[in-house]
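A short write-up of the structure that comes next.
The values are calculated or read from the model by the stated rules, or taken from the named source; none is laboratory data. The structure displayed is predicted, hence computed values, not measured ones. Note: ideal-geometry Cβ built from the backbone for every residue, glycine included; neighbour counts use all protein chains shown. The area values use the complete protein model at the heavy-atom level, side chains included, leaving out ligands, DNA and RNA. Shrake-Rupley method; radii C 1.70, N 1.55, O 1.52, S 1.80 Å.
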Amino acid sequence: MRARVLVVAALLLSALAPRAQTPKRLALVGGMLLTGYEVPPIHHAAVLIEGNTIVQAGAASEVKIPADATVVDTSGRTMLPGLIETHGHLIVLGHGNYATWFSWINGHGGRQTLMKVMETSARQLLMAGVTTEIDLGAPLADSLAIRDRIRNGEVVGPRVFVSGPWIAHLPATAVGDAMQVGFGGLNISSPPEAAQQTERLAAAGVDHIKAHSGLSLEEYKAIVEAAHRHQLRVHAHVYAEQDVRHALEAGVDVLQHAGSAGTAPPYSAELIRDIVNAGRPVVVTAAHRSWVYPDTAAFPERLQDPELKQLFPAEIYAEVQDSLKNWPALAYFQRTDREMRFRERGVKQFIESGAVMGMGTDSGTPMNFHSEALWREIKVHVDLGMTPQRAIAAATRVNAQIIGKARELGTIEPGKLADIIVVKGNPLFDIMALSNVETVVKDGRVYKGGNPSEPRTRTANSPGK
Ligand SMILES: [Zn+2]
Ligand SMILES: [Zn+2]
């Protein structure tokens, strides 16, 4: 018995050893560097990583690359911080109908299949350059499980922070019920119940709280007070002016969806002014529905993109494709024509007011694939007047601040965790470069591309020597 324990302990130690001992060195050398700050790029730059931490970043001529470092040549490319998705859902991945999606899962392996779905979503996000995801709505146990499995290295995916189920009182309709059941939503009907559910989620170990729309001011307040006692931030899912106002006044930390979907005309000048003055972050989630729908109408071929197909297990891909056969008729899009009337003003009201804007997409919702959601969202912001540099900062540095991780994430500078992507082209010239992610480094490890050369003894292309 004791011998077995020792063997297990030895195995565990050997599994941990390579990380714990001499930190491996990785260098990304040659390309343009966007640090995540709104400053001019650094040309012909280099980034040196030890273990999972950035130790140097700057002009290649000034960064000393040790001979034992593995070098990734980024010449002719752009390096930038790993993208942060501040509103995703791993349990959906573009399927057209929540009710049939969750019942398909139940009929095809249940929770095991749900885990496979989450693994698929996680891989898609990471391959698209998303190195951190804020998951905002999924059953509690499954949320915690996928987060921890990625953290332990069992699953390839972004660093995930989860809310588990949202707190709501959704109307008892077919759609409302399917969503509550599928996403595991928690129904409450009073401030004490709201506080109690928040406490329960905090005790279970979630990373933040999602408060749905339609709660009273007192209910939002109860959630915020309980969450803040546990140092958890609250994200509110709010569209209508009244909900945004309640969430703002209750001290909700991030206003999610505000300004999108045009279910109401753009907000009053007072509300915008109060959001700006409070410095309260807004994540518009603009592109789902209001852009995804017309963009798909213009180019339905995107749904059959062979690259998209490669990112799915065959059975899940077939089910998603089947759900999208008659996509214009999907219930999810039935208000889109009205929403599109206000889509531009909805986003511009924040861009032009100087609001603190993060970047998130509701990734995974119908036709809003994890592999493209974030660049689609960023493109909308740029098309409507946000500079590419501000948009990239929103998706990296500002997002890190919004989620309370500014000390570890969001920029490329010494001391930060080594989350770096390399894209083809110059995103400051054409933001669509973000759709061309060639290399993904998360936590100092290369997950995509890179073709890292082995540690060199030669110094032929070793800047700084
Ligand atoms: Zn939401
Ligand atoms: Zn959502």
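Rounded to the nearest 10 Å², what accessible area does residue 383 show when all protein chains are kept and the probe is 1.4 Å? Roughly 100 Å² of residue 383 is accessible to a 1.4 Å probe. Cα centroid separation, the range 371-450 to the range 61-100: 7 Å. For residue 221, give me every one of the lysines with a C-alpha distance below 21 angstrom, ignoring sequence neighbours fewer than eight places off in its own chain. Here the lysines satisfying the reach criterion relative to residue 221 are 210. Only beta bridges with both residues in the chain are counted; by DSSP, about 50 percent of them are antiparallel.
Placing unit charges on each Cβ (+1 for Lys and Arg, -1 for Asp and Glu) gives the chain a dipole about its Cα centre, and among 94, 29, 143 the Cα reaching farthest toward its positive end belongs to 29. Express the relative contact order of the chain as a whole percentage, based on alpha carbon pairs under 8 Å and six or more residues apart in sequence. Answer for the chain is 22 percent. The mean accessible area for residues of the range 326-441, using a 1.4 Å probe and ignoring ligands and nucleic acids, is 36 Å² per residue. Counting only lysines at least 8 places from residue 379 when in the same chain, those with an alpha carbon closer than 17 Å to its own are 348, 424. Heavy-atom accessible surface of the range 48-129, averaged per residue, reaches 33 Å², computed with a 1.4 Å probe.
The listed residues 340, 357 rank as 340, 357 when sorted by accessible area, largest first, using a 1.4 Å probe.
Against the empirical curve 2.2 N^0.38 Å, the C-alpha radius of gyration of the chain lands at a ratio of 0.98. Listed by chain and number, the lysines placed with their C-alpha closer than 25 angstrom to that of residue 325 are 116, 309; residues fewer than eight positions away on the same chain are left out. Taking the accessible area of the range 81-176, probe 1.4 Å, and keeping the other protein chains in place, the carbon and sulfur fraction comes to 55%. When a 1.4 Å probe is rolled over the protein heavy atoms, the share of accessible surface on the range 273-391 that falls to carbon and sulfur comes to 48 percent. These residues, 429, 312, go from largest to smallest accessible area, 1.4 Å probe, as 429, 312. Solvent-accessible surface (1.4 Å probe) assigned to residue 435 amounts to roughly 50 Å². The relative contact order of the range 57-144 comes to 43 percent, based on Cα pairs under 8 Å that sit 6 or more residues apart. Report summary: the helix-based calculation at 222 nm, which adds -39500 (n - 2.57) for every DSSP H run with n ≥ 4 and divides by the residues of the chain, gives -11000 deg cm²/dmol.
When only Cα pairs below 8 angstrom with a gap of at least 6 residues are kept, the range 365-459 shows a relative contact order of 19 percent. Take the range 173-313 with all the other protein chains still there, run a 1.4 Å probe, and you get 40 Å² of accessible area per residue.
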